[in-house]
Number of protein chains: 2
Amino acid sequence: MQDEPAASKPTAPRKKNYPRKTYRHGDLRRALLDAGIELARSGGPDAVVLREATRQAGVVPNAAYRHFANRQDLVEAVRAAALSELAATMEAELAAIDPSLDAGAQACAALRATGLGYLRYALTQPGLFRTAFATHETPVGDANPAKAGPGGLNPFQLLSQALDRMATAGALPMERRLGAEFLAWSAVHGFAMLILDGPLRGFPEAQIAPLGARLVEMVQKGL
Amino acid sequence: MQDEPAASKPTAPRKKNYPRKTYRHGDLRRALLDAGIELARSGGPDAVVLREATRQAGVVPNAAYRHFANRQDLVEAVRAAALSELAATMEAELAAIDPSLDAGAQACAALRATGLGYLRYALTQPGLFRTAFATHETPVGDANPAKAGPGGLNPFQLLSQALDRMATAGALPMERRLGAEFLAWSAVHGFAMLILDGPLRGFPEAQIAPLGARLVEMVQKGL
DNA sequence: CAACAAATGTGTACGCCGTCCACAATTCAC
DNA sequence: GTGAATTGTGGACGGCGTACACATTTGTTG
């Protein structure tokens, strides 16, 4: 529709700045995903609306169907990205553990770090966090690298790893190791939900943080 | 539109069997709410669609706006009903506690009962449970009786009561009483979510039940 | 390089949804 | 009984997800 002479051969896809001049977009899938992520970031899963994503990518609604089977498929992709970010946040917390501690103390610190990283992400990115867990299906045996952090492990695997370290270090009795990830995850996940959608919503972080610390302590003590 | 002579004076609203013959419905609000509850029961919050509720009530879509400000308002009403049912389930569990126990043991049993009742409802009525917590805002200082059970207390208040009993019975150190409802609720709520939408979804109840028991035990020990 | 197939974006259209407005039937209050 | 308030109707609008046919570009193969 443009009267420009198609210029040079623009085969190189521009990753950002999506206003395209060629008929082809270059990397529409990425553009749609990015738009979806931003929508989810600021409005949660329901804000991921297909038509809006295509609008932001400068493309007609149906173009999305060349890259995603349907809206839910796009949401799943956003979800995977959110889980990956979550894993990265947890890894960052893990990396901050004092390496001079003995194995048992390090393992306990790792458990706390996974929990606190989880909570940090929920507080920092509520929209994406809710998107990560609003839809059904959550990763467990799922080795999809799109859901993992830089270290290649997804959030659930990071937690399992921390518990394994505790068990081998003797900080967690073996007979309590089995299924412990479900108990620990329950507490932390529920706490995040209480903050985002529940009776703790809107509380200043100054009051949230100590409660979160108490929660992690409760898990460690009660496990 | 019917050629019937309007029959007798049908001022008495029929609570169920909504096919009406008069211009007025009798109790449309109730009919819409009932329809909304059924929709939520079988499909969660997103399944509560205004037009479908009016369809089931045998009425034109706009009629709903005489009784609910908008869709969200209807969902809120469904939500209140779900919370009330949840409270009732928890009360039922509480009522089953052996009264011959001493105060401390009864208080501990009450804490477990609130948690297990909560989980029972989540497992039995996943759609309504998710509706109760999917939308924002949750009852805490909220004395709305529509959200309470037969005993007049909402789920959060039931939990608080159980913790109070533990504290006065000496089963919970006073310095740990403050905020304990958040810790306990976190664990149980998160566990419910893991079962409904998370990695524990679809697990047979035979495997869920012992895990739930362990969870409640963890809370009691770690609180 | 020509020709054809595959990939990718466009245009049009359908049905569903929430919601707004004006209007009609009914009931209530005086 | 009459006028006002309540409650249901009819029609319309814009937004959404998505299906189908079509156009344009790109990649392949002779």
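The values are calculated or read from the model by the stated rules, or taken from the named source; none is laboratory data. Small disclaimer: the values here were computed from a predicted structure and weren't measured. Reconstructed Cβ throughout: ideal geometry from the backbone, glycine too, with neighbour counts over all protein chains shown.
Filtering the range A:186-199 to residues that are more than 15 Å from A:Thr114 (Cα to Cα) and more than 7 Å from every other protein chain (Cβ to nearest Cβ) leaves A:Ile195, A:Leu196.
Can you tell me which residue in the range B:77-106 is farthest from DNA strand D (Cβ to nearest atom), limited to those that are away from every other protein chain (no Cβ under 14 Å) and farther than 26 Å from B:Leu172 by Cβ?
Here is the first cut: in the range B:77-106, the ones away from every other protein chain (no Cβ under 14 Å) are B:77-78, B:80-82, B:84-85, B:87-106.
Add one more test, that the residue is farther than 26 Å from B:Leu172 by Cβ, and what stays is B:77-78, B:80-82, B:84-85.
Numbers: B:Ala77: 15, B:Val78: 18, B:Ala80: 20, B:Ala81: 19, B:Ala82: 24, B:Ser84: 23, B:Glu85: 25 Å.
Per the stated criteria, the residue is B:Glu85.
When B:Glu175 is tested against (1) surrounded by fewer than 16 Cβ atoms within 10 Å (Cβ to Cβ); (2) of a type in the set (Asp, Glu); (3) farther than 23 Å from A:Leu211 by Cβ, just one condition goes unmet, and that condition is (3). Total residues in the range A:53-75 satisfying the condition of being more than 14 Å from every other protein chain (Cβ to nearest Cβ) and more than 16 Å from DNA strand C (Cβ to nearest atom): the figure is 0. The number of residues in the range B:69-100 that are surrounded by 13 or more Cβ atoms within 10 Å (Cβ to Cβ) and farther than 23 Å from B:Gly149 by Cα comes to 1.
There is at least one residue in the range B:125-136 that is aromatic (Phe, Trp, Tyr), within 13 Å of the chain's Cα centre (by Cα) and within 14 Å of chain A (Cβ to nearest Cβ). Total residues in the range A:46-92 satisfying the condition of being of a type in the set (Phe, Trp, Tyr) and on the phi > 0 side of the Ramachandran plot: the figure is 0.
Take residues that are more than 23 Å from A:Glu205 (Cα to Cα) and tell me which of the helices (runs of 4 or more DSSP H) falling wholly in the range A:50-161 contain 2 or more. Spell out how you get there, then give the answer.
On the way: elements: A:50-56, A:71-95, A:103-124, A:126-134.
By residue number, A:50-56, A:71-95, A:103-124.
Which residue out of B:Leu50, B:Leu32, B:Leu28 is within 9 Å of DNA strand C (Cβ to nearest atom), surrounded by 12 or more Cβ atoms within 10 Å (Cβ to Cβ) and at pLDDT 65 or above?
Details: B:Leu32 fails: within 9 Å of DNA strand C (Cβ to nearest atom); B:Leu28 fails: within 9 Å of DNA strand C (Cβ to nearest atom).
Testing whether each residue is within 9 Å of DNA strand C (Cβ to nearest atom), surrounded by 12 or more Cβ atoms within 10 Å (Cβ to Cβ) and at pLDDT 65 or above leaves just B:Leu50.
In the range B:62-76, the residues that are within 7 Å of DNA strand D (Cβ to nearest atom) reach residues that are part of a helix (DSSP H, G or I) with C-beta atoms within less than 7 angstrom, at least six apart or across chains, in these pairs: B:Ala63/B:Leu28; B:Ala63/B:Thr54; B:His67/B:Leu28; B:His67/B:Arg29; B:His67/B:Leu32.
Inclusion of B:Leu172 among residues that are in contact with a helix residue (DSSP H, G or I) (Cβ under 9 Å, 6 or more places away or on another chain) and at the interface with another protein chain (Cβ under 10 Å from one of its Cβ atoms) is not warranted. Within the range B:200-223, if we keep just the residues that are within 7 Å of chain A (Cβ to nearest Cβ) and over 23 Å from the mean Cα position of the chain (by Cα), the residue that is surrounded by the fewest Cβ atoms within 10 Å (Cβ to Cβ) turns out to be B:Lys221.
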